[in-house]
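A.B. asks: Please read through the structure below; I'll follow up with questions.
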Amino acid sequence: MDKKDLYHLRQEYSAKTLTEKEVSDNPFKQFDKWFNEALEAQLHEPNAMTLATATNDGRPSARIVLLKGYNTHGFNFYTNYLSRKGKEITKNPLGALVFFWGELERQVRIEGTIEKLSKEESEGYFHARPKGSQVGALASPQSQEIAGRHVVEEKWKQLESEYADKDIPKPSYWGGYVLKPRLIEFWQGRPSRLHDRIVYKKIDNKTWKKVRLAP
């Protein structure tokens, strides 16, 4: 695409507004409201979120993962502990999440600290997954270099046969994390790029301060 075409590639946002009065004083209640509206709008994978992590010397990386639970403690996702993100979280537990619901002209940014979920929570989710996904967790040495796709396909077939009539144990290197937020921003697209941005900042272990940011 010619760069001049990129200059003019833009979308004007005008669907909704976001004011201090209409948002909840509790950021989790506000997230729940917006997430339910994304579900009701039947968006494609509304629980898809960008997860950003960084090495201990500050080199960032980001990828899309799926939200698999949330409450007043934080936002949950599951992965291989030995993957790149898992190794980065071990050395630097600070992370960020971004949800973008384009059809609703909305974005949510979340920053905080990442911790492992309990073994019981990880076990419960692992065994609730489709069996093929359980096999996949065992078959793939996530983020490691492999000789070709055949490596994981052959391993998957072997494990599928091995566990055809048996329960699959959750591998010790696989499980859940929770991102416990210190900041949550709600962004609503507005005309002329004068977007609404309402941010909640945690000022102690219980209290959230709500402020507006310039677009």
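The values are calculated or read from the model by the stated rules, or taken from the named source; none is laboratory data. The model shown is predicted, which means the values in this text are computed figures rather than measured ones. Positions of Cβ are generated from backbone atoms using ideal geometry, with glycine treated the same way; all protein chains shown enter the neighbour counts.
A.B. asks: Could you tell me whether residue 206 is at pLDDT below 95 and either of a type in the set (Lys, Arg) or closer than 27 Å to residue 12 by Cα (or both)? Don't jump to the end; show me each part of the working.
C.D. replies: Values: at pLDDT below 95: yes; either of a type in the set (Lys, Arg) or closer than 27 Å to residue 12 by Cα (or both): yes.
Yes.
A.B. asks: I would also like to ask the following. Among the residues of region 26-42, write down those that are out of contact with any Lys or Arg (no Cβ under 9 Å at 6 or more places or on another chain) and surrounded by fewer than 17 Cβ atoms within 10 Å (Cβ to Cβ).
C.D. replies: Passing the criteria: 26, 29, 32, 33, 36, 39, 40, 41, 42.
A.B. asks: So which residues in region 140-198 are outside any loop (DSSP other than H, G, I, E, B), surrounded by 14 or more Cβ atoms within 10 Å (Cβ to Cβ), out of contact with any Ser or Thr (no Cβ under 9 Å at 6 or more places or on another chain) and hydroxyl-bearing (Ser, Thr, Tyr), if there are any at all?
C.D. replies: None - no residue of region 140-198 is outside any loop (DSSP other than H, G, I, E, B), surrounded by 14 or more Cβ atoms within 10 Å (Cβ to Cβ), out of contact with any Ser or Thr (no Cβ under 9 Å at 6 or more places or on another chain) and hydroxyl-bearing (Ser, Thr, Tyr), so the list stays empty.
A.B. asks: Another one. Looking at region 51-68, which of its residues are under 16 Å from residue 31 (Cα atoms) and not in a loop (DSSP other than H, G, I, E, B)? Lay out the reasoning, then the answer.
C.D. replies: At the first step, the residues of region 51-68 found to be under 16 Å from residue 31 (Cα atoms) are 66-68.
Result: 66, single match.
A.B. asks: Name the residue that is farthest from residue 184 (Cα to Cα), counting only residues in region 69-81 that are surrounded by fewer than 17 Cβ atoms within 10 Å (Cβ to Cβ) and not polar (S, T, N, Q). If you could, list the steps in order and put the result at the bottom.
C.D. replies: From region 69-81, those surrounded by fewer than 17 Cβ atoms within 10 Å (Cβ to Cβ) are 69, 71-73; that's our starting set.
From the residues that got through so far, the ones that are not polar (S, T, N, Q) too are 69, 73.
Working: 69: 16, 73: 13 Å.
Among those residues, the one meeting the criterion is 69.
A.B. asks: Which pairs turn up if I take residues in region 38-63 that are over 18 Å from residue 88 (Cα atoms) and look for partners that are basic (Lys, Arg) and surrounded by 12 or more Cβ atoms within 10 Å (Cβ to Cβ) with beta carbon separation below 9 Å, at least 6 apart in sequence or on another chain?
C.D. replies: Listed pairs, sorted by first residue: 38/106; 47/68.
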